[in-house]
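Accompanying notes for the structure given below.
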Amino acid sequence: MTSLPPPTAKKLGLVIDLDTCVGCHACAVACKEWNDDGDFGPLLDKEPYGKEPSGVWFNRVHSYAVEQDATHGASRELTVHFPRSCLHCETPDCVTVCPTGASYKRAEDGIVLVDADKCIGCQLCSWACPYGAREFSMERGTMQKCTLCVDRIYNETLDEEDRQPACVMACPTRARHFGDLGDENSAISKLVAERDGYALMPEYGYQPVNRYLPPRPRRDGCNATPETKVAHEEQLDREKLPGVLRWLDRALSR
Amino acid sequence: MVALRTMAPVVPHARLELNKPTGDEVKTTTCYMCACRCGIRAHLKNGRVRYIDGNPKHPVNRGVICAKGSAGIMQHYSPARLSKPLLRVGERGAGEFREIEWDEALALATKWLGDIRARDPDQLAFFTGRDQSQALTGWWAQAYGTINYAAHGGFCSVNMAAAGMYTLGGSFWEFGEPDWDLTKYLMLWGVAEDHDSNPIKLGLGKLKARGAKIVAINPVRSGYGAIADEWVPINPGTDGLLAGAFIHELLRTDRIDLDYLVRYTNAHHLVIRAPGAADDGMIARDAEGNALCAVSAPREHHPHPDPLREGEDLKASRIDRADAVDIAPLVVGEYTLPDGRSAVPAFQLFAERYLSVEYAPESVAQACGVSVETICRLARELAETAFDQSITLKQRWTDAWGREHAEMVGRPIAMHAMRGISAHANGFHTCRTLHLLQMLLGAIDTPGSFRYQPPYPKSAPPPNRPGKTRRPNGTLDAGPLGYVHAPEDLVVDAQGDPRRIDKAFSWEHPFAAHGMLQNVIANAHAGDPYRIDTLFLFMANMGWNSAMNTTATRQMLCDRDPASGEYRIPHIIYADAYDSETVAFADLVLPDTTYLERHDCISLLDRPISDADCAADAIRQPVMQPDRDVRPFQDVLLELGARLKLPGLVDDDGAAKYPRGYAQYMVEHERAPGVGLLAGWRGADGASEGIGAPNPDQLARYIEHGCHWHREIPAAGRYYKMANRDYLEWAKALGFVGSTQPIVMQFYAETLQKFRLAAQGHGAAQPPEKDRERVARFFDPLPFWYGSLEEAKAPSPQPSPQTMKPSGESEYPLCAITQRPMFMYHSWGSQNKWLRQIATRNYLYLHPHTASANGVADEDWIWLAAPRGRIRVQAKLHAGTAPGTVWTWNAIGKRKGAWALSANAPENVDGFLLNHLIDESLPAGDGKTRYANADPVTGQAAWFDLRVRIEHDENPRVDGHRIELVPTKGLP
Amino acid sequence: MRPTFSIILFTVLSGAGYGLLFLCGLGMAIDGLPANDSAPLLVGGLLVSVGLMASVGHLGKPMRAWRAFSQWRSSWLSREGIAALATYVPLVVLLSLWFPCRGNCVWLSLRIPACLLLAAGCVVTVFCTANIYACLKPIRAWNNAYTLPLYLLLGLYSGAMLLLTLDWPPVHSGAYDARMQWLWLATAIIIAPSCALLKWRYWQWLDTRAVTPDAGSATGLDRIGSVQSFEQPHTEENYLTHEMGFVLARKHSRRLRRIAFWLILLAPLAVFALGWLIGWPAAWLALALGMTGIFVERWLFFAEAKHAVMAYYGR
Ligand SMILES: Nc1nc2c(c(=O)[nH]1)N[C@H]1C(S)=C(S)[C@@H](COP(=O)(O)OP(=O)(O)OC[C@H]3O[C@@H](n4cnc5c(=O)[nH]c(N)nc54)[C@H](O)[C@@H]3O)O[C@H]1N2
Ligand SMILES: Nc1nc2c(c(=O)[nH]1)N[C@H]1C(S)=C(S)[C@@H](COP(=O)(O)OP(=O)(O)OC[C@H]3O[C@@H](n4cnc5c(=O)[nH]c(N)nc54)[C@H](O)[C@@H]3O)O[C@H]1N2
Ligand code: SF4
Ligand code: SF4
Ligand code: SF4
Ligand code: SF4
Ligand code: SF4
Ligand SMILES: [Mo]
């Protein structure tokens, strides 16, 4: 049913730490690889070796230049990498607009999926998603999106430690966390609470489940407190520095 | 990880199967998509690779995998794979080939190489690029008997390797890493990605989780720099000044660890002061050759020295062996040696240099582009972290002298540096400056600091010298690469002129420990120092991204000698797995398999994958059989060797010794009795490690253990490895070190002084006249800073940063550098249909101020001009770029016709290579010698010394990369 | 949003078709149109069918279009499909009445209900169509109070123009109250300015600086500073940038807006003015002008619409 399920107790999702992400694209490629040959694949590519290569990805990594100013505490520039994939929203229109029921939200864990066998490829759901989480290729004809690796996380043929999303397992800085955001005692819920994790564009009312952890305050010259800031001796006469012989008296031990 | 209860979900999904097996079989092996060499699992399904993920049990990557690693599958299935040996039929460079059988290919190669070997083995230049099997290829070259062998280190990071090995017996490059678990402060100098790709990222993640401070010193803020707490946008090439200013501040404020220096380095060793004499600047030694130092004589009373009455107190000292323990060495003062010569502790020379105004923050701030305040604050933070926040591990250990310690004290400052330091012509000394800075802070191999990775530390420098004489059986007396210890070790002729085609280990670049691959083509083309017959390349895209002055290099490869009409480089054999730009220039192409189709060995004899807590090695096993007529290069090399009847490759009756190829060699070959390529499961029963008889079951054991072996260092041996008996005994048992003697860090690099003395006219081996000044200047036993070599024609013994203007500042005011993109490996990534979707083109990034000063708008096409010529590139504004710098991602631009890309692919049409503008040699200062555009000590290619200016294009909105070069003399 | 021809065709033709059928329904119910005047019914049926075909053709899996009827509880597209299908029922009934029916054929008693149902079906269908777009929150240009009335009004407008053209007196030989002509013309003339002016108001509204997401708010990084895109995840176009990253230069948009505005406004007047002089070709001319206006309007409806996701790309 494209009607949304009643609020799910379990809200599986990802937490992405923007303070740690180095923008390496590992998550994006691991995702592409896992899904390409899996049940939700293939993730087709157009002109793979040609002029305008493009293809379906469930995860894309942006990077931004952020300029902080006085209103944000300090004046400095930051570079922030930003992976973007489905947020498994609680009340997303990408589900309700779907005319076929192909786009649906699982009642048991809140994962938003597309049933490729039902999808007619009208693309409305991708229009309804402000987060750009859905991608479509004419060649395949059906909509595709992040599955939260539903085919891994419950998969008993995998070792237990492997029952995690491919992108989370791949992430070399471990900036990606997976878990139940509906359980406030889960490790990731605590992480979100601790780090002021936030949801993207809440104004759409979709109530994303995924959370982003903002860059931590930087400890550089801008916010160095007076004590940590060097009271630089302006009058320091570099020609008259203490001579090296002051170390003569040092009782060293070997 | 969250434990998820498996339930039978009620979903309206037609075919959602949650418990579907993901493949038929899982095979472990080692990734090859970069030199990090992570453990991977190839999941196979229906005879194809379904996916590749990280091996969670592998010590290198602990389960994570990078973009290149995951996309390895598309490299394996790349349409650009070669499929059959090729023989050139058209002109060089035209890419016209005839497919031939392996027999013909091998016979031809055997003929060429056999003829050369009979004539003069040095006529073969065997250069093996991004080789991960140098333990084999170097050994093969030695057996063949050519001195002209090198892998890619010369254009890569030899500055880091050599500076490290001559100073620490380890290095930032590959042989060491920050203490990711304990450091509180990480300073990254010029690192974008590095070889330790995944370990660094795992480590950074740990630091972030722990809240350690990260400082990125880099003209560009991207990648690792993006997550750093502090970005220091330094002007390229000035790190030596910045580090010097830190040292200045630490000395000035007396925040240094002198006890550490006298325990673990030679800072207290006495340096002879005898200007003009043959031993000036050498370390004072007793008759047995033991270094000497001054020690405080035991005194009742310790009066405070009065600096105005210098020397008064020196009476209270005596001379002792510098390696004696429980002494109180003196690190300043002037002392008289028993034989009457005068000497000062090395530390004093160092302190005098760095306390001088030249290295004062005020003096360097402008050149570095870093404010005085920032310099002073960072220096203070270094000191505070090292000394006020030092850490203590409750861990008993015994030092190399047998003294027991109840705990390990750590200076939790870690530094890491790579090609931002190394790819400049001053990189060797800059890297040494960093190492001395670390030593001052007591921050080498202590808890929280930089740490060695076994089998390092080794003695600084290690004992193996480059081979240079041929034995009666035609083999070289030693491997062609090594460490020179004295002028006698150089590979030069009687006149002191270079003997190697790349001029490595000559007076031009004495410490070229990795060879100078980047010079081979230009030198062979010019016949300087001589002509060669065959250029045998493996895995080096020398016709493109690893060439300087790429266009001219491509012409040189095709150039004919007008006299004979023959190609100047008569034969080129190339072993590649893919249709790279260089393939078109080969006469004979030996197609390699992909990494999933062969055996390989990641050996401790090569560039090990150990981390600071364990020694490790690994193998690759074929997870697929080739579906093309290709062969593993290692097998081919062994077969060629057997056909050439090289000693060691055939047995007494001339039969091939390793007919089953590399897999057999990996197991059976012994370097020294009991020492082979693999350290794990040795001995007939597989019970020995490090040293033991070959074990026929060894590969099976490796495969059972996920294709890797690792042995943890005992807890008591994890720090202070250079002088830790617990470590040294462990390392000796595994064959990593010859003795348990402590390894003394070369604060003062006496080895360099030997070369300076030679240049000053001492000793039997002296440089040719033209090189004297240069050697005398650059072989300074203490590090110093100098600007770009193009400018610094007039050598000055002392640096003077204020007067040092970066080269040609007015005409070419901008520094141009490249960075590695995390998702691409040099040139190979573009054939990968996933990776190229991330970037098919590169831009020239510049600061908005630089752009507006030059009238450049975002996405304008502009010309980037250097003395060599100019290239048309697309500009993009980036506030995270230092204003005096422009940069681009490396090796995205491709040459039409290569990599199975369509002709109109953006890589070919819009992407660009900066290399076209980088000169392979320096302007001839004296009109005579054209030195390589490289570090004068190590021969490291100075990619990042490039200076440019921006020129306008009439139609800045019209797309298209173009190259316009100034014609080069001597080329068609 | 990329102005895709099939979707423009769908909305314009089905809008016109339903407008025409609506007027037919009403007209026949009040006997303003001959009950056996099948031409407008056929044309209307044809237009909606072509429109619906175009929309089906736009699907990735057209053969599965039937599945679209299932989600009427939440999906406007599903509802539209059902409404469209349902509207065929009275249409078919009305068309079948055209067959000679002697005596008190039961069918005849269905005429009035069928007419009313047809009219209602048309309104409901266009209502649904409009809501397909109007409900898409990430697209401000659609997700507003103008979309629905404009779809309805423009449907009615094009229907009136069509009817005017199809029922031009000379076409009909039979007895028929030509005064109805005036009704259609009046409808068109009255609706035209409403459409044009409403559209104009819409454009004015669209141009107001609204709080739409930018790179800062989309990433939430506005909490730490001002945000600009540095590197995108891909250097070439992908599905998102191709479909949703369409940008129309302001210059073009202004020109096209004027064209659409004046064509829609003046087309019916052209009939009025020229009709006396040249007769029925005036209606065809006006129809052509009006429909062109609507095509341009619809093209702009897509081309000017910015999708929120582009904020991630800094566009
Ligand atoms: N401007 C600029 N230029 C640079 C640098 C820079 O920073 N800036 N960096 C320099 C450095 S550090 C380096 S290391 C060089 C790297 O430059 P190269 O050593 O040329 O490196 P690659 O592009 O990786 O090309 C190596 C070749 O190996 C081939 N290959 C890949 N896999 C296999 C295999 O399995 N078997 C065989 N036989 N061949 C294979 C590829 O097809 C390719 O042709 O570039 C240097 N050039
Ligand atoms: N993904 C990926 N990983 C790779 C490779 C690859 O091609 N792709 N190549 C491998 C190879 S062969 C190598 S050698 C290593 C190299 O790894 P890195 O050492 O990380 O090499 P580069 O990318 O050249 O990065 C040099 C960095 O130094 C900065 N820099 C340039 N000049 C200066 C300077 O004067 N001072 C300072 N402080 N910084 C400066 C640049 O901005 C850049 O960030 O990476 C290895 N790993
Ligand atoms: S992110 Fe987009 S696709 Fe995913 S649930 Fe939310 S609205 Fe739907
Ligand atoms: S594209 Fe498929 S999943 Fe999306 S709304 Fe249409 S039918 Fe549903
Ligand atoms: S959870 Fe799975 S499908 Fe979703 S982005 Fe990560 S890897 Fe891709
Ligand atoms: S893998 Fe991790 S670090 Fe890399 S881009 Fe993705 S989230 Fe960021
Ligand atoms: S870091 Fe290098 S070795 Fe490791 S997975 Fe990536 S490409 Fe492979
Ligand atoms: Mo390198």
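Numbers for the structure displayed
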item: Environment charge at B:I713 (Cβ cut-off 12 Å; Lys +1, Arg +1, Asp -1, Glu -1); result: -2
item: Nitroxide proxy distance, nm - points 7 Å out along Cα→Cβ at B:A526 and B:D115; result: 2.7 nm
item: Relative exposure of B:K876, B:K111, B:K894, A:K51, judged by other C-beta atoms within 10 Å (fewest first); result: B:K111, A:K51, B:K876, B:K894
item: Per-peptide average of other Cβ atoms within 10 Å, ordering B:447-453, C:6-12 highest first; result: B:447-453, C:6-12
item: Neighbour-count ranking [beta-carbon atoms within 10 angstrom, fewest first] of C:M244, B:M33, C:M53, C:M63; result: C:M63, C:M53, C:M244, B:M33
item: Relative contact order %, chain B, counting alpha carbon pairs below 8 Å whose residues are six or more apart; result: 17 percent
item: Relative contact order (percent, whole number), region B:154-307, Cα cutoff 8 Å, 6+ residue spacing; result: 11 percent
item: Number of partner chain Cβ atoms within 10 Å, mean per residue of C:136-148; result: 3
item: Global geometry of chain A, whether rounded, prolate or oblate, following the gyration tensor of its Cα atoms and the 1.5 cut on a/c; result: prolate
item: Listed residue pairs exceeding 20 Å between alpha carbons, taken from B:K394/B:K721; B:K57/B:K394; A:K46/B:K833; B:K111/B:K468; C:K137/C:K251; result: B:K57/B:K394; B:K111/B:K468; C:K137/C:K251
item: 19 Å Cα-Cα reach of B:K896 towards aspartates and glutamates, excluding residues that sit fewer than 8 places from it in its own chain; result: A:E47, A:E52, B:E91, B:E96, B:D576, B:D579, B:E581, B:E907, B:D910, B:D959, B:E964, C:E236
item: In nm, spacing of pseudo-spin labels at A:S3 and C:W66 (7 Å Cα→C-beta vector); result: 2.4 nm
item: Shielding score for A:190-203, defined as the mean number of other chain Cβ atoms within 10 Å; result: 2
item: Anisotropy class of region B:485-614 from Cα gyration tensor, a/c 1.5 cut; result: oblate
item: Charge tally in the Cβ shell below 13 Å around B:P85, where Lys, Arg are +1 and Asp, Glu are -1, B:P85 excluded; result: -4
item: Relative contact order, percent, chain C [alpha-carbon distance under 8 Å, six or more residues apart]; result: 24 percent
item: Shielding score for A:156-163, defined as the mean number of other chain Cβ atoms within 10 Å; result: 4
item: Among C:R73, C:R140, C:R209, residue whose mean-square fluctuation peaks in a GNM of chain C (springs only between Cα atoms under 10 Å); result: C:R209
item: Prolate/oblate/rounded label for chain B (Cα gyration tensor, a/c 1.5); result: rounded
item: Proxy reagent accessibility, fewest Cβ within 10 Å first, across A:V150, C:V211; result: C:V211, A:V150
item: R0 of 41 Å, Cβ-Cβ distance C:S6-B:H705: FRET efficiency to nearest 0.05; result: 0.10
item: Those lysines that a straight Cα-Cα span of less than 19 Å connects to A:K11, excepting residues fewer than 8 apart in one chain; result: A:K105, A:K145, A:K190
item: Estimated FRET transfer efficiency when R0 is 22 angstrom, pair C:A145-C:R209 (beta carbons, to 0.05); result: 0.75
item: Max mean-square fluctuation residue, GNM over chain A, Cα-Cα springs under 10 Å, options A:L124, A:L181, A:L43; result: A:L124
item: Separation of alpha-carbon centers, region B:387-463 and region B:663-736, rounded to whole Å; result: 25 Å
item: Radius 11 Å from Cβ of B:Q134, net charge of other residues (Lys, Arg +1; Asp, Glu -1); result: 0
item: Choice from C:L52, C:L221, C:L94 with maximal GNM fluctuation in chain C (Cα, 10 Å cutoff); result: C:L221
item: Extension gain from B:S902 to B:H849, taking 0.36 nm per residue of separation minus the Cα-Cα distance; result: 15.4 nm
item: Pairwise FRET efficiency - B:R671 versus B:W102, Cβ, R0 = 35 Å, nearest 0.05; result: 0.75
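A short reminder: the numbers here are calculations on the coordinates, not readings from a lab. Just so it is clear, the structure is predicted and the values come from calculations on it, not from any experiment. Heads up, the Cβs are rebuilt from the backbone with ideal geometry, glycines too, and the neighbour counts pull from every protein chain shown.
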